[in-house]
């Protein structure tokens, strides 16, 4: 794992996030303000994908031409499409930070991936407040509501917005 989080902790966070993401945050990290949130964000998206019966790979490495990128979640969506996401979980309203996906698009590395049916995007999940608007077409934001049953709705909406922005028909 690229996050440096032990496999046992990552597995536990994934299982707990599927039941209650807020409780998973507290149990895994004690609610620490500086806790690493990326494994939990990855787990939330993976739980959504598993509910939809998509195949999921956590922390895939993507090699494009002469570069290697360590992204967060790969979703096999149907027979023809693979979507690879960089997922960022934020506790409060902050500006959207740059991601590796920004670099992939800036350097034109998304083109060879598109030719192979691979879509790449960034998803920013916010636990409080209204998320800021993304500045580019490969980035989406979503609010994570406290009610667990609503999380999939918000993640699904974000993925659908991302697919629409990338001009993908489902």
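The values are calculated or read from the model by the stated rules, or taken from the named source; none is laboratory data. Since the structure is predicted, the reported quantities are computational estimates derived from the model, not experimental observations. FYI the Cβ positions are ideal-geometry reconstructions off the backbone, even for glycines, and counts take in every protein chain you see.
Within region 117-142, which residues are surrounded by 16 or more Cβ atoms within 10 Å (Cβ to Cβ) and over 19 Å from residue 106 (Cβ atoms)?
Narrowing region 117-142 to residues surrounded by 16 or more Cβ atoms within 10 Å (Cβ to Cβ): 118-127, 131, 134, 138-142.
Across region 117-142, the qualifying residues are 125, 126, 127, 131, 141, 142.
Looking at region 82-97, which of its residues are at pLDDT 90 or above and more than 14 Å from residue 45 (Cβ to Cβ)?
Hit for region 82-97 is 82, nothing else.
So, of the residues in region 143-170 that are touching a helix residue (DSSP H, G or I) at 6+ places or on another chain (Cβ under 7 Å) and closer than 30 Å to residue 111 by Cβ, which turns out to be surrounded by the fewest Cβ atoms within 10 Å (Cβ to Cβ)?
Among residues in region 143-170 that are touching a helix residue (DSSP H, G or I) at 6+ places or on another chain (Cβ under 7 Å) and closer than 30 Å to residue 111 by Cβ, the one surrounded by the fewest Cβ atoms within 10 Å (Cβ to Cβ) is 170.
Please specify each residue of region 94-113 satisfying the condition of being under 18 Å from residue 38 (Cβ atoms), out of contact with any strand residue (DSSP E or B) (no Cβ under 6 Å at 6 or more places or on another chain) and not in a helix (DSSP H, G or I).
Correct list: 94, 95, 97, 98.
Scanning for something in contact with a helix residue (DSSP H, G or I) (Cβ under 9 Å, 6 or more places away or on another chain) and in a loop (DSSP other than H, G, I, E, B), does region 114-122 turn up at least one residue?
Within region 114-122 (the criterion being in contact with a helix residue (DSSP H, G or I) (Cβ under 9 Å, 6 or more places away or on another chain) and in a loop (DSSP other than H, G, I, E, B)), the answer is no, since none of the residues qualifies.
Do you know which residues across region 60-81 are part of a loop (DSSP other than H, G, I, E, B) and at pLDDT below 90?
Those that are part of a loop (DSSP other than H, G, I, E, B) and at pLDDT below 90: 65, 66, 78, 79, 80.
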